Amino acid sequence: MTKKTTLANGICVITTENPRADIIAGRLFFRSGSCRETTEQSGLSHLLAAVMMKGTKHLSALDIANQVESVGASLGTEAATDYFLVYLKSVTKDFLPLLELAAEIVRSPSLPPDQIELERRLTLQRLKQAQEQPMTVAFEAMRQLLYQAHPYAASTLGNPDSVSNLQREDLEYFHQAYFRPDNLIISVAGNITHPEHLELIEQVFGDWQAPIMPMPELVLPPVISRPQAQTVPQATQQAIVMLGYLAAPVRDPHYAAFKLLSAYLSNGLSSRLFVELREKQGLAYEVSTLYPTRIYTSAFIAYLGTAPANQEIALTGLTAEIDRLAEISLSSNELQTTKNKILGQYALGKQTNAQLAQTYGWYEALGLGIEFDQQFIQGIEQLTTAEIQTTAQKYLQSPYTVIVGTSNQA
């Protein structure tokens, strides 16, 4: 049983009662994330997430670590594209002090300058290492082609120039602008009732009032389809061939069809791309698709790793498999098998308290509401072969193409 209440100060409280284990997992979602960053400040929310755990007005990083580890709990932060997340988990008796600690971290981080510099260096090192990975290079190039000036074009890590130029004042402004009670969702699951959860939130966050000033307005540039191709020369033993298409956001009626298409093509050893391109033709070391759930325009990406000598034939084979979706309907057996696979894995993804807290809080953060849990299941169950083909015909035409490999092969 999952229940939701919005408090007077704007905090959305979600409780999934699950008394079978004496554990409570929590997720604090702020509706922000890297989509709220300017191009010049790319990577800001990631840097903020890394530094927030390094101290508050009253606690040092060591104090925080000791409080968490002394009771065997977990507490951390994460910056994503459409939201900012604080996650926590403990046995029931320790949940209140852990929640109080999380509240202090999100409300009054000290953002120590020395820790900002440390995390900046670590991020720059990760960005440098990423450029040595052909798959990462390919995804970076594809995002840039697809989204151009839109924030979705950037990695959540940012880029070397933006990360190098971020200042403590930038982190302070982002925190003040978006970390407020009327922008917060607190989702917990475990050995706790909804009234008990509400009482805890009132006790810990009840004095936190939303500022009079509204949050900054989010104005995003339009995402315009301009399919093009790019080859990134790189001496590598595994070339990456990637096709990208602009795709439906999560609130679009075509969302469920895209999830099914992705599962049909690449979910498991019996999936279409694995069987046709890897097993039958021997073209792929690895092959898969990606369709991230996004508030705004998403992307459908198909990719494979292949020998550099096979770049062109692999591109032809991958393109043919995607084009086939618009030309030939899935059989009734293929459709039902893929539905069963999606729904079975979806159920398995909600077994733990952490997974339950994540699922319902995430849906609320995306603006879907906790009802989307059942709506998604129904959407998959009701899909027809005609709807699948229509989605492919509408979206999967004229792909963006990225190849990372030896330039004389492309």
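Using Cα pairs under 8 angstrom and six or more residues apart, how large is the relative contact order of the chain, in percent?
Numbers: 757 pairs, mean separation 94.6, N = 410.
Dividing the mean separation by the residue count of the chain yields 23 percent.
Within the set Lys4/Lys89; Lys54/Lys259; Lys4/Lys350; Lys128/Lys341; Lys128/Lys280; Lys339/Lys394, which residue pairs have Cα atoms separated by over 29 Å? Before the final figure, lay out the partial values.
Details: Lys4/Lys89 20 Å; Lys54/Lys259 38 Å; Lys4/Lys350 18 Å; Lys128/Lys341 38 Å; Lys128/Lys280 37 Å; Lys339/Lys394 21 Å.
Too far apart for the 29 Å limit: Lys54/Lys259; Lys128/Lys341; Lys128/Lys280.
Please give the helix 95-107 orientation as an angle from the longest Cα principal axis of the chain, in degrees from 0 to 90, rounded to the nearest 10.
80 degrees
How many percent of all Cα-Cα pairs in the stretch 229-409 sit more than 20 Å apart? Please report the intermediate quantities before stating the final value.
Details: 9152 of 16290 pairs.
Cα-Cα pairs of the stretch 229-409 separated by over 20 Å account for 56 percent.
Defining a contact as two alpha carbons under 8 Å apart and six or more residues distant in sequence, what relative contact order in percent does the stretch 217-306 show?
On the way: 121 pairs, mean separation 31.1, N = 90.
That works out to 35 percent.
Would you please give the FRET efficiency between Met1 and Ser398, computed as 1/(1 + (r/R0)^6) with r the Cβ-Cβ distance and R0 = 56 Å, to the nearest 0.05? Numbers along the way, then the final one.
Details: r = 47 Å, r/R0 = 0.84.
After rounding to 0.05, the efficiency reads 0.75.
So how many Å³ per residue does the convex hull of the Cα atoms of the stretch 197-278 work out to? Mind dumping the intermediate values first?
On the way: hull volume 25.0 nm³, N = 82.
Convex hull volume per residue, Cα atoms: 304 Å³.
State the dimensionless ratio Rg/Rh of the stretch 2-205 (Rg: radius of gyration of Cα atoms; Rh: Kirkwood radius).
On the way: Rg = 18.1 Å, Rh = 18.0 Å.
My calculation puts Rg/Rh at 1.00.
Any idea how far apart Gln125 and Glu169 come out in nm if each label point goes 7 Å out from Cα toward Cβ?
3.0 nm
Per residue, what volume in Å³ does the Cα convex hull of the chain take up? Could you put the intermediate results ahead of the total?
Numbers: hull volume 60.9 nm³, N = 410.
Cα-based convex hull of the chain, divided per residue, equals 149 Å³.
FYI, it's all coordinate maths here, none of it is from the lab. These numbers were taken from a predicted model, which means no experiment stands behind them. We place every Cβ from the backbone using ideal geometry, glycine too, and count neighbours over all the protein chains shown.
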